[in-house]
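Structure first, commentary second.
Read the figures in this text as sums done on the coordinates, not as results from a lab. Model, not experiment: these values are computed from the prediction. Glycine gets a Cβ as well: all are built from the backbone with ideal geometry, and neighbour counts include every protein chain shown.
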Amino acid sequence: MDIILVPGLWLDGSSWDAVVPPLEKEGHTVSALTLPGMESRDADRSAITLRDQVDAVVAAIDAAEGPVLLVGHSAGSAIAHSAVDARPDKVARAVYVGGFPDEDGSALLSGLPAENGEVAMPDWAEVGEEANIVDFDEESLARFYAGAIPAPEQVLAGPVRLADERRYDVPVTAVCPEYTAADLRGWVDEGEIPELARVRDVEYVDLPGGHWPQLTQPDALARVILDVAGKATGARA
């Protein structure tokens, strides 16, 4: 199966490096994307928009020979969902790791300061999000912060654009890292994530740890993705 991996904010395709080999070992064709504007810390990303990044994911879907398992991390989940909206017939299943689909017209992420057209990754402890980084040790956390790539301001500002309601027919696996599946179900039931609530087939999977399992527990995340790939392949058979 073709598996496309979409990184979240502040990450490039190399963030999936430890996840890719177990997937390829099982015979899957894997593409770990580096989205426009995220090529390096020094890249000019001032003109990069959310549509540019969504279009890059859509292009990868179009380049795949068969049905796609589309995996998004964090805000990359909303980017992936926008690509599902553009190509609902090509995506067999979507996996959203530590993130959710956003509504049409919403911003991808608001509230973080921008400078010179880009948004630096915050210190998660300083902003009260210690759960995000609970499974990093001191050395790996320092490397993580040092390697973070600023995100394009216009990507965070959005707006998200969705148009094809067939996106709700594409099954979703929601992987829950720093929060639980019960938490996420509760948020959906309370109306806090209306776009996910409208998806007709949602599977919830707990993966306890921090927000970045592709870095801190890649083998466990790969096993989840492989399990989902098996279900997607069986559904298409």
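For the stretch 51-83, give me each residue that is crowded, with 23+ Cβ neighbours inside 10 Å and of a type in the set (A, V, I, L, M, F, W, C). Passing the criteria: 54, 57, 68, 69, 70, 71, 75, 78, 79, 80, 83. For the stretch 54-112, the set of residues classified as within 12 Å of the chain's Cα centre (by Cα) and free of Cβ contacts under 8 Å to residues at least 24 places away in the same chain is empty. Among the residues of the stretch 141-161, those identified as out of contact with any Phe, Trp or Tyr (no Cβ under 9 Å at 6 or more places or on another chain) and not in a helix (DSSP H, G or I) are 152, 158, 159, 160, 161.
Evaluating residue 150 against the criteria (1) of a type outside the set (A, V, I, L, M); (2) farther than 23 Å from residue 103 by Cβ; (3) touching a residue at least 60 places away in the same chain (Cβ under 8 Å); (4) in contact with a helix residue (DSSP H, G or I) (Cβ under 6 Å, 6 or more places away or on another chain) leaves one unmet condition, (4). Evaluating residue 123 against the criteria (1) part of a helix (DSSP H, G or I); (2) touching a residue at least 12 places away in the same chain (Cβ under 8 Å); (3) exposed (fewer than 14 other Cβ atoms within 10 Å of the Cβ) leaves one unmet condition, (1). Of all residues in the stretch 128-140, none are hydroxyl-bearing (Ser, Thr, Tyr), without any contact (Cβ under 8 Å) to a residue 40 or more places away in the chain and part of a helix (DSSP H, G or I).
Annotation note: Cβ proximity below 8 Å between a residue of the stretch 23-35 that is free of Cβ contacts under 8 Å to residues at least 40 places away in the same chain and a residue that is outside any loop (DSSP other than H, G, I, E, B) and among the hydroxyl-bearing types (Ser, Thr, Tyr) (sequence gap 6+ or interchain) occurs for 32/14; 32/15; 34/14. Scanning the stretch 15-37 for residues that are of a type in the set (Val, Ile, Thr) and in contact with an Asp or Glu (Cβ under 9 Å, 6 or more places away or on another chain) gives 19, 29, 30, 34. Of the residues making up the stretch 39-53, those that are over 15 Å from residue 116 (Cβ atoms) and either of a type in the set (Val, Ile, Thr) or in contact with a Leu (Cβ under 7 Å, 6 or more places away or on another chain) (or both) are 49, 50, 53.
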